[in-house]
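The values are calculated or read from the model by the stated rules, or taken from the named source; none is laboratory data. Just so it is clear, the model here is predicted, and its values are computed rather than measured. Because the Cβ atoms are built from the backbone with ideal geometry, glycine has one as well, and the counts that use them run over all protein chains shown. Just the protein is used for accessible areas: all its heavy atoms, side chains included, with ligands, DNA and RNA removed. Shrake-Rupley method; radii C 1.70, N 1.55, O 1.52, S 1.80 Å.
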Amino acid sequence: MKLITTAVAAFALTSTAAFAHVTFETPEAAQGSTYLGVLNIGHGCEGEPTLRLRVQIPEGVIAVKPVPKAGWDLEIVTGAYETTYDYYGTPMSEGPKELIWSGSLDDAHFDQFAFRGKLTDSLKTGTTVYFPVIQECANGSHNWVNEPVEGHDGHGGLEPAPGLNITEPDHAHH
Ligand SMILES: [Cu+2]
């Protein structure tokens, strides 16, 4: 098991089809853009409903705001960033580091959890940024915190973290 120890890992293993896991609806976004991250929750835990979803915000993604969901409690854990970022002229050195939704999602149902955040220039074009997700159920949890492994279905201790590919900044095309 290879735990993600840095927020940004090499842009290499992106072809892993992850239809049943926790994945981003839009798995790529431009450097410097404001990203709407929509997480697909494909299943619960061995048939059990999901009771809590904890989404960790990697370094370099700032000013994050979660989208509230009816029937779910929402908690925002804030903390210091590793550096001070410029947010449209305002220095920003702290903010949301983890988003926690608490409620219930049946294993037979599908749902999405969303947030918006600024992808700073510190996130390099051509890399994949991973958002570790802990999915808690009454009978245990899925820890989507690993780098994807090619050719592995991603269960049994190798649950891949949802990844976001950073593409060229929009102004590069002008
Ligand atoms: Cu899965």
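In table form, for the structure just shown:
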quantity: Residue match in the stretch 108-122 (condition: modelled with pLDDT under 95 and within 16 Å of the ligand (Cβ to nearest atom)); calculated: no
quantity: Top-ranked residue in the stretch 144-174 [being assigned to a loop (DSSP other than H, G, I, E, B), open to solvent by 60 Å² or more (accessible area, probe 1.4 Å) and among the charged types (D, E, K, R); ranked as farthest from the ligand (Cβ to nearest atom)]; calculated: Glu168
quantity: Among the residues listed as Leu39, Leu74, Leu53, the single one being more than 16 Å from the ligand (Cβ to nearest atom), at pLDDT 95 or above and part of a strand (DSSP E or B); calculated: Leu74
quantity: Residue among Ser141, Ser122 that alone is among the hydroxyl-bearing types (Ser, Thr, Tyr) and in a loop (DSSP other than H, G, I, E, B); calculated: Ser122
